[in-house]
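In what follows, a structure is listed as structure tokens, so that the remarks can point back to it.
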Amino acid sequence: MSDDGTLEAFRLADSFLPVGTYTVSYGLEQFVQDGRVEDAGDLEALLATYLRRQLGPADLVVVRAAHAAARAGDADAIIEADRRLTAATMAAEFRESAEQSGDRLLSLQRELRDDELLDAYAAGVETGAAPGNFPAVLGVAAGLAGVEERTACLLCCHGFVTGLLGAAQRLLSLGHTEAQRVLDDLRPVMVEAVEDSAGRSLDALSPFAPLVDVLAAEHERAERRLFVS
């Protein structure tokens, strides 16, 4: 991978990226409110479940498909991968969060560079042909920037975990050192999720974390919420 591709990977994985992921907890807030996540150990177990049961069998498959389609200049294939992820995502809040952060990343990419494929994909999002999910946009951005497919998947995992660790620091008494320890402990799980996604096609999208979906539905009806999901 070129230096430009490596630097782009760093940028896409940076929490400084203005895509609004700090506003989401992907159900973590409800897990904390219900007393199901009380400490770093509980949090690590939940994040491992997300990686194994949701990112690996769904989000990362779409990152790969969108990356390949971007490299091939195929906007229709990007849109198809994008639509498949929405169809496979049960929780309404998760769909909305992914679309909001995806829209911001797509807008940012178009501000930074002129590219006909980005414009064609954005036109599909604007007309409703594509939802504009963050994993799909990330795959496209990485593919166009020369970021390797596996690296794009790893940075997706890293960004997801660091985002939820940031949410956990606002929801729990979780110090910076504990957060870094959880991040370090989850490295093998991230690699496992990436490797699991490698042999899957869009027809094999199979996220399965029923308790996460149930608590996400509860969070939608909560009277007081710190996070949008």
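Give the peptides 77-89, 4-16 in descending order of average Cβ contacts within 10 Å, highest first.
Answer by packing, highest mean first, reads 77-89, 4-16.
Using just the C-alpha positions of the chain as equal point scatterers, what log10 of I(q)/I(0) does the Debye formula give at each q in 0.08, 0.12 1/Å?
For the chain at q = 0.08, 0.12 Å⁻¹, log10 I(q)/I(0) is -0.26, -0.60.
How many percent of the alpha carbon pairs in the stretch 46-174 exceed a separation of 18 Å?
50 percent
Explain nothing, just the number: relative contact order of the stretch 109-229, from Cα pairs under 8 Å at least 6 residues apart, as a whole percent.
Value for the stretch 109-229: 14 percent.
Points 7 angstrom from Cα along the Cβ direction at A92 and Q180: gap in nanometres?
Distance between the two pseudo-spin positions: 4.2 nm.
Modelling each spin label as a point 7 Å along the Cα-to-Cβ direction, I'd like the A72/R110 distance in nm, to one decimal.
2.4 nm
Could you work out the relative contact order of the stretch 1-110, using alpha carbon pairs under 8 angstrom and six or more residues apart, expressed as a whole percent?
Contact order relative to length: 33 percent.
Across all directions of projection, what mean area in square nanometres is found for the Cα convex hull of the stretch 101-154?
Spelled out: convex hull of the Cα atoms, projected over all directions, averaged, 3.5 nm².
Once you put a point 7 Å from the Cα of A45 and another 7 Å from the Cα of S2, both along the Cβ direction, what distance in nm separates them?
4.7 nm
I'd like to know which of G163, G41, A129 lies farthest towards the positive end of the charge dipole of the chain, counting +1 on Cβ of Lys and Arg and -1 on Cβ of Asp and Glu.
G41
Which shape class applies to the stretch 80-121: rounded if a/c is under 1.5, otherwise prolate when a/b exceeds b/c and oblate if not, where a ≥ b ≥ c are the square roots of the Cα gyration tensor eigenvalues?
Oblate.
No solvent, one uniform scatterer per C-alpha: report log10 I(q)/I(0) for the stretch 3-105 via the Debye equation at q = 0.14, 0.22 1/Å, two decimals.
Those come out to -0.69, -1.41, one per q.
Compute log10 of I(q)/I(0) for the stretch 165-210 with the Debye formula, placing one identical point scatterer on every Cα and leaving out solvent, at q = 0.13, 0.33 Å⁻¹, to two decimals.
Log-scaled intensity ratios, in q order: -0.48, -1.09.
Taking K and R as +1 and D and E as -1, what net charge do the other residues with C-beta under 14 Å from the C-beta of D196 add up to?
Here the charged neighbours net out to +2.
Given an 8 Å cut-off on Cα distances and at least 6 residues of separation, report the relative contact order of the chain as a percent.
For the chain, the relative contact order is 40 percent.
Taken together, the values in this text are just the output of simple stated rules run on the coordinates, not laboratory data. Quick caveat, the model's predicted, so the values are computed rather than measured. Counting neighbours? That spans all protein chains shown, and the Cβs are built from the backbone with ideal geometry, glycine included.
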